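The values are calculated or read from the model by the stated rules, or taken from the named source; none is laboratory data. Small disclaimer: the values here were computed from a predicted structure and weren't measured. Note that we place each Cβ from the backbone using ideal geometry, even for glycine, and neighbour counts take in every protein chain shown.
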Amino acid sequence: MIAALASTAPVVDSTTLHSTFARWTRLGLWRRLGQRLARDWRLACGDAVLPSAVVADRRSLRSAPTAWTRGIDGGKLIKGVKLFAIGDKHGSLFELELGPANTDDRTGTRPTLPRLAALGFQGDLLGDSGFTGVLFATAALAELDRTEESQISLTDPDSRAMAAHTHVAGGYNVQIAVDAKYKLIVEQQGRQPSC
C-alpha cells in the first residue's frame, strides 16, 4: 500500500520547493499561519483572542559563517545568531526575530513591537533580567500593588522564592507523612511557603 502511494506521489524538485518557501516567507505567510494557529488555540482553550501579557525570551545559537550575519555572545561564548521569541502562556509563538548573537536583548526585541501592535496587542511584555529597564520595573511594581503580593514569579504565579542550600529558586513547600513500619507515604500536602 505504501509503495503504491509513493509511486503516485508527485515529485517536486528542490529548486521549486525552495523558491516557493522563500516566496511564502517574504509574503509573511508562515508568520500569519503561526499567528492564526495561536489564535485558534487560545479560542479553543476558552481565552480571549489576544493575551493580556506575552513573554519575551532569547537564545543564542551557533551558526555557520555562511548562514547569516553572525556575532559573538560574550556571556555564553557562542559565535552565531540570537533568536528572539515572544509567546503567550500556552507557549504559542506570537513573534520571532533573528539577529547577530552580540545583539542586546532589548534591541533585538524592539523590531517585534510594531508587529505586535499591528495585531492589536496592548498588554504587558514580560521578560527576565536581560529585558530590564524603567518600563519593565514600573509594570512589575504596579502588578505587586494590584495583587498585594510580596513577590512575582514569571514562570509559575503560584510558586514562591525558597532558599535551597546555596541558592534561591522558585518552588513549593511540600510536606509528607510516612507509615512508621513500611515507610509508605500516607499523607502529602503541597502549599505556598510563607513569604
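All conditions in (1) out of contact with any strand residue (DSSP E or B) (no Cβ under 8 Å at 6 or more places or on another chain); (2) among the charged types (D, E, K, R); (3) at pLDDT 70 or above hold for residue 124, with the sole exception of (1). Of all the residues in the stretch 38-52, those that are among the aliphatic types (A, V, I, L, M) and under 21 Å from residue 125 (Cβ atoms) number 4. Just one of the listed residues (51, 65) is of a type outside the set (Phe, Trp, Tyr) and more than 25 Å from residue 142 (Cβ to Cβ), namely 65.
Scanning the stretch 1-51 for residues that are modelled with pLDDT of 80 or more and among the β-branched types (Val, Ile, Thr) yields a count of 5.
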